[in-house]
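Peer 1: Handing you this structure, nothing more for now.
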């Protein structure tokens, strides 16, 4: 979908100035594994912004996957609790949930090779069929799988488990030892994964997919386990809008008193959506965009270039927030600064100086 949107990017234009109220908008970015930080400097709007500065440094979790939880004041449990926030409060209850997302994975030496987008053609019927077969086996241990969408599954467990793993988008292509489940119950998680793989190998829906020359679901990625905070536990209040492709991020925002919606395909559609939602601040979650091979083109043509047409007419202030382990960097976009040549810098250099203070 993003690649198709990139092809339309040249024709994107910001909506006509109208009723959109003054608003601060933050584009939240993060580097996918294997992406060089310097690649973000090659995006014209970002390269110019980080060259002009000034750059604000904000403390962040030591792993990029925890950005949204820290932003909304949610404590880490054994892992960042994405799974219970995929569910409405009444559905999550006080039960321990684990994300159990279907993937097609291969091992290449010590690296895990899978593309989180490779199963976008998985149908709801195929997902439900696989889950039904797996639940026959899991029920004996008090566990149950549930599909929320064809690509998002959750696993209900009878007790909390001490297990943590990287989100799928951050795990693909990385050394297996670095991203496979860790913690006191890691051996249980790996054993469960092995059992599930054997069951999926025999699944009727997988036989159907292979006959259609489609990738089979051959494993589940277990991550984001936890329980939802009790109703009396207040999250950091954020009376703002979040546009995100991640269901748990949208639910976290709602739980903190904000508004949330799925991420549109481009800025033009996002601007129309924001115009209908009344708030002073909007966070646009582009942390998954770097998973697309054409992400630089998509980011520039679909988001940053058309957004640049809006500030003077619609009184919008734009920021780019780059999330990296241990620190987030925030810089204002489309800043007019005649003296920027005295402070020439780049995003890569800013990160290097922050993480290696002794470097010149």
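Peer 1: Report whether or not residue 254 is free of Cβ contacts under 8 Å to residues at least 12 places away in the same chain, touching a strand residue (DSSP E or B) at 6+ places or on another chain (Cβ under 6 Å) and not assigned by TED's automatic domain parsing to the domain that holds residue 97. Quick ask: steps written out before the conclusion?
Peer 2: On the way: free of Cβ contacts under 8 Å to residues at least 12 places away in the same chain: yes; touching a strand residue (DSSP E or B) at 6+ places or on another chain (Cβ under 6 Å): yes; not assigned by TED's automatic domain parsing to the domain that holds residue 97: yes.
It is true that residue 254 is free of Cβ contacts under 8 Å to residues at least 12 places away in the same chain, touching a strand residue (DSSP E or B) at 6+ places or on another chain (Cβ under 6 Å) and not assigned by TED's automatic domain parsing to the domain that holds residue 97.
Peer 1: Output the number of residues of region 157-176 satisfying the condition of being in contact with a strand residue (DSSP E or B) (Cβ under 7 Å, 6 or more places away or on another chain), in a helix (DSSP H, G or I) and crowded, with 19+ Cβ neighbours inside 10 Å.
Peer 2: Of the residues in region 157-176, 2 are in contact with a strand residue (DSSP E or B) (Cβ under 7 Å, 6 or more places away or on another chain), in a helix (DSSP H, G or I) and crowded, with 19+ Cβ neighbours inside 10 Å.
Peer 1: Restrict the check to region 53-60 and report whether at least one residue is touching a residue at least 40 places away in the same chain (Cβ under 8 Å) and under 16 Å from residue 163 (Cα atoms).
Peer 2: no
Peer 1: Let me ask something else. How about region 90-149: which of its residues are free of Cβ contacts under 8 Å to residues at least 12 places away in the same chain, within 24 Å of the chain's Cα centre (by Cα) and under 16 Å from residue 201 (Cα atoms)?
Peer 2: The answer is 106, and nothing else.
Peer 1: Next question, about the same structure. If you take the residues of region 177-191 that are at pLDDT 90 or above and part of a loop (DSSP other than H, G, I, E, B), which of them is surrounded by the most Cβ atoms within 10 Å (Cβ to Cβ)?
Peer 2: 181
Peer 1: Has region 106-126 got any residue that is surrounded by 19 or more Cβ atoms within 10 Å (Cβ to Cβ), assigned to a helix (DSSP H, G or I) and not assigned by TED's automatic domain parsing to the domain that holds residue 283? Explain how you work it out, then say what you get.
Peer 2: From region 106-126, those surrounded by 19 or more Cβ atoms within 10 Å (Cβ to Cβ) are 112, 114, 116, 119, 122, 126; that's our starting set.
In the following step, the residues that additionally are assigned to a helix (DSSP H, G or I) were identified as 126.
Checking the rest, the ones that are also not assigned by TED's automatic domain parsing to the domain that holds residue 283 come to 126.
Scanning region 106-126 turns up at least one residue that is surrounded by 19 or more Cβ atoms within 10 Å (Cβ to Cβ), assigned to a helix (DSSP H, G or I) and not assigned by TED's automatic domain parsing to the domain that holds residue 283.
Peer 1: Oh, and also: Does residue 51 count as surrounded by 14 or more Cβ atoms within 10 Å (Cβ to Cβ), outside the structural domain of residue 161 (by TED's automatic domain parsing), closer than 23 Å to residue 242 by Cα and modelled with pLDDT under 85?
Peer 2: Considered against the rule, which asks whether it is surrounded by 14 or more Cβ atoms within 10 Å (Cβ to Cβ), outside the structural domain of residue 161 (by TED's automatic domain parsing), closer than 23 Å to residue 242 by Cα and modelled with pLDDT under 85, residue 51 comes out as no.
Peer 1: Given the criteria at pLDDT 95 or above, in contact with a helix residue (DSSP H, G or I) (Cβ under 8 Å, 6 or more places away or on another chain) and within 19 Å of residue 172 (Cα to Cα), does residue 102 qualify?
Peer 2: Criteria met by residue 102.
Peer 1: What residue, among those in region 258-273 that are more than 15 Å from residue 245 (Cβ to Cβ) and without any contact (Cβ under 8 Å) to a residue 40 or more places away in the chain, is surrounded by the most Cβ atoms within 10 Å (Cβ to Cβ)?
Peer 2: 258
Peer 1: Tell me which residues, restricted to region 274-292, are out of contact with any strand residue (DSSP E or B) (no Cβ under 6 Å at 6 or more places or on another chain) and without any contact (Cβ under 8 Å) to a residue 60 or more places away in the chain.
Peer 2: 276
Peer 1: Checking residue 230 against (1) touching a strand residue (DSSP E or B) at 6+ places or on another chain (Cβ under 9 Å); (2) at pLDDT below 95; (3) assigned to a loop (DSSP other than H, G, I, E, B), only one condition comes out false. Which one?
Peer 2: (1)
Peer 1: Please go through region 196-227 and give me each residue that is surrounded by 14 or more Cβ atoms within 10 Å (Cβ to Cβ) and part of a helix (DSSP H, G or I), ordered by number.
Peer 2: 196, 197, 199, 200, 205, 206, 208, 209
The values are calculated or read from the model by the stated rules, or taken from the named source; none is laboratory data. Here the structure is a predicted model, which means the values were calculated and not measured. Glycine also receives a Cβ, built like all others from the backbone with ideal geometry; neighbour counts cover every protein chain displayed.
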